[in-house]
Amino acid sequence: MADLNDAARLAELRGALLRADADAILDACVVRAAKLARSPIAVVSLLVRHVQLLRAQHGLPLELAVSCATSRSNSFCQLVVLDEVPLIVDDALRDERVPKELVESYGIRAYAGVPVRAHGHVLGALCVLDVVPRRFDQRIVGALEQLAIDVSGRLSALTLSDAPLASADVQERLVRVEQATRALERALLALSPVIAAAQAATAGPRVDAARGIDAARATHVTPASLRAAVSCWRDMGPVAEGLCEEAAAIASASPCEAASGLATEARALARNLAEIGPLVRLAEGVLDGTLGEAAAAKGRALVLRGALDAHEAASAAVQRLRAGALRARAATASPGSGGAARPPEAR
């Protein structure tokens, strides 16, 4: 049985894989999957640490299509990744293996999912779902497995697009990493109203002291402040991608341990930001009128816990990245390192 939190598996979930924008190849694959299985819903899922990202989808309810995610613990696809083999569910209501949240909220009754891979790691599943109990015969499963080869090839190609930047001065890159972490820290603080509002709307007003989020004040959050928070989240994506590129280039150019750890930490941060995204997209859907509050509430219930955990993890990762950049600057500025120390004001 595989480990969902295996570091090598999670390391493949980076860059273009984590984006919510449409991918023509993956979109064509889910349409083909739905047709060959004669199912109303088909999905390419990616299992991250807290959520299941829906990288491509066909036929999902609007709120799930907007959020592009569910909680990982709610997913059927987690069993595909755990066992690394196809999973067939004839009647989810009676099948003790699968979680029941999607059954209760959306009436999902039947499922067939096959593993999708990148560089030898099972990242998620290509699956078809139905709202009535049914059998998926071996012909359908075999066809899905053949289609999953195309999906896996596309996922592998997307991971390869995450190449390091060309060579440049390591000390300059480290300064840019520090600057990026400060920008991300401010943006994460600005996201707190979205998370507090979602927490209050889903579970009732309360103060979550452990996370530093005052959900009791969420009722006072204005649409303008929510829009500002959504804008902050959208701005974070390019910053995080740039930070990953800088960190990868630093690790390639410098042999010191502090520098090599930056790339790993930056990729983890990018995954955490992607996992916050579903909750922010639901808030944006309510603000722009795409989603009604009832539909958004159903979506929030499926992603809230993952978003809370990811927000906390991202905030901690930003601090570790900044500390790591400072250590790497000291190490690469030492005699024989080829770097030159920067004055404190450059920080």
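The values are calculated or read from the model by the stated rules, or taken from the named source; none is laboratory data. Note that the structure is a prediction, hence the values are computed from the model and not measured. For neighbour counting, all protein chains shown are included, and Cβ atoms are generated from backbone atoms with ideal geometry for every residue, glycine included. We work out accessible area using only protein heavy atoms, side chains counted, and drop any ligands, DNA or RNA first. Shrake-Rupley method; radii C 1.70, N 1.55, O 1.52, S 1.80 Å.
Sub-9 Å Cβ pairs linking a first residue in the stretch 20-32 that is at negative phi and open to solvent by 50 Å² or more (accessible area, probe 1.4 Å) to a second residue that is part of a loop (DSSP other than H, G, I, E, B) and at pLDDT below 95, at least 6 apart or interchain, are Ala20/Cys68, ordered by first then second residue.
Considering every residue within the stretch 248-271, establish whether at least one is closer than 23 Å to Leu302 by Cα and open to solvent by less than 10 Å² (accessible area, probe 1.4 Å).
yes
List pairs: first residue in the stretch 58-70 and within 16 Å of Leu126 (Cα to Cα), second residue open to solvent by 30 Å² or more (accessible area, probe 1.4 Å) and part of a loop (DSSP other than H, G, I, E, B) anywhere in the structure, Cβ distance under 6 angstrom, at least six positions apart or on different chains. Listed pairs, sorted by first residue: Gly59/Pro40; Cys68/Ala20. In the stretch 282-336, the qualifying residues are those that are surrounded by 17 or more Cβ atoms within 10 Å (Cβ to Cβ) and acidic (Asp, Glu), and the one that is farthest from Ala259 (Cα to Cα) is Glu284. Apart from one condition, Leu47 fits all of (1) under 14 Å from the mean Cα position of the chain (by Cα); (2) open to solvent by 40 Å² or more (accessible area, probe 1.4 Å); the exception is (2).
Every listed requirement among (1) closer than 21 Å to Asp6 by Cα; (2) open to solvent by 30 Å² or more (accessible area, probe 1.4 Å); (3) not hydroxyl-bearing (Ser, Thr, Tyr) is met by Glu101 save one, (1).
Quick check on this structure: which one of Val116, Val66 is of a type in the set (A, V, I, L, M) and within 22 Å of Arg32 (Cβ to Cβ)?
One residue alone meets the criteria, Val116.
Quick check on Ala56: is it surrounded by 24 or more Cβ atoms within 10 Å (Cβ to Cβ) and modelled with pLDDT of 95 or more? Talk me through it step by step, then tell me what you get.
Details: surrounded by 24 or more Cβ atoms within 10 Å (Cβ to Cβ): yes; modelled with pLDDT of 95 or more: yes.
Yes.
Checking each residue in the stretch 177-228 for being surrounded by 14 or more Cβ atoms within 10 Å (Cβ to Cβ), modelled with pLDDT of 85 or more and over 21 Å from the mean Cα position of the chain (by Cα) picks out Val177, Glu178, Gln179.
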